[in-house]
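Here the structure comes first, spelled out in structure tokens, and everything after it is commentary.
Every number here is computed from the coordinates shown, using simple stated rules; none is lab data. Model, not experiment: these values are computed from the prediction. All Cβ positions, glycine included, derive from the backbone under ideal geometry; neighbour counts span all protein chains shown.
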Ligand SMILES: C[S@@+](CC[C@H](N)C(=O)[O-])C[C@H]1O[C@@H](n2cnc3c(N)ncnc32)[C@H](O)[C@@H]1O
């Protein structure tokens, strides 16, 4: 997988930039990358221009990404038990593998969430006729088109703001959306939603497009957080995240939250341990990322994929199990790490919720649930929440 990454990345970039609009052949206009540069009150370089290519704000440029990865890997490999945060699965290869996961027969969440969105997108657009759609952890933004279509039909949508750690997938998706939705501007944000929420476009720390005269908000924002990604955060981190998001909201803004629901553990485990081995490759990809970006020498064949249901915490855990005693040298950190045979390292939790539990967590963060929908089988939920 490591050796395939550069080629995959190049191919992805090629398709991302092909046929882009605007003066720059890439169609991508860089915004200043320092967060404080996106806080300008005037339009200046902070606004995006409809039809002129996507604008990009980078909170995680190469140096920040490297420092953040290095800190997480050092902390995770020296912890007991070891643990790596799931955000580092997602380089271009990881995002491609996740995209393949979403099409697997065992992986029901994407299909179910798509069904809930398809059935309710018009209601969502009526309840929150947003001028800006922000998508956290946007990935390929495929399902998001249902929301974009509904908001465009409502006649109000002006811009789309995808926000993700994986710049390559983010820019490719942003370009594709820009081409498909003429007249809608796309402002991509490369960032970590655990650290950079204060710089969301339209927030006090973000850009200026929302600030109307006399403090009246001219922009109304719908923040979509789909795919069950919030389940990757531990309960205390979820609380911090939701409160931070609530702090950015003004009246009229809303959160659309996609969450996977508790169900038969056998189905849950199968969804994270598919027979084709795609989830296993996705899990090991975090080691490829560390090998490439931190000059490490993890042997991917030395780690087996594990998916287990934890009923106490109501989450699926993905782990990597060392199949033998081994060591890996993470040269960029000056760290040699040793694994015993069968030692396991956690790489992801994926929490499964109840409808009441979601409402309670939102309420604790100052967000009131205005609507909640599930698919007919009750597998997946979408919750629309507004400042309480
Ligand atoms: C489970 S995928 C979901 C993708 C898409 N939203 C969907 O519903 O199919 C998680 C996405 O969130 C992104 N992501 C994970 N952790 C992140 C973080 N801390 N900050 C920003 N993006 C993150 C990943 O790059 C990936 O695109």
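Structure notes:
- Over region 70-150 - Rg/Rh using Cα atoms and the Kirkwood inverse-distance radius: 1.11
- In terms of its C-alpha gyration tensor, region 109-155 comes out oblate, because a/c is 1.5 or above while a/b does not outweigh b/c.
- Cβ-Cβ FRET estimate between residue 179 and residue 341, R0 fixed at 41 Å, reported to 0.05: 0.20
- If the convex hull is drawn through the Cα atoms of region 333-381, its volume per residue in Å³: 165 Å³
- Region 229-316: projected area of the alpha-carbon convex hull, averaged over directions, in nm²: 8.5 nm²
- Contact order, relative form, for region 236-309: 30 percent (alpha carbon pairs under 8 Å, 6 or more residues apart, mean separation divided by residue count).
- Label positions at residue 195 and residue 118, each projected 7 Å from the Cα along the C-beta direction, are separated by 3.9 nm.
- Within region 149-290, all pairs of alpha-carbon atoms sorted by distance into 5 Å bins from zero give the percentages 2, 8, 13, 18, 19, 16, 11, 8, 4, 1, 0, 0.
- Semi-axis lengths (Å, descending) of the ellipsoid that matches the C-alpha gyration tensor of region 109-194: 20, 16, 11
- Residue exposure sequence - 143, 263 - by fewest surrounding Cβ within 10 Å: 263, 143
- Spin-label pair residue 297/residue 237, simplified geometry with 7 Å Cα→Cβ offset, distance in nm: 3.1 nm
- Its alpha carbons considered, region 263-388 gives a radius of gyration followed by a Dmax of 18.9, 53 Å.
- By the beta-carbon count within 10 Å of each Cβ, the least crowded to most crowded order of 293, 312, 325, fewest first, is 312, 325, 293.
- Residues 148, 200 arranged by fewest to most Cβ contacts within 10 Å: 148, 200
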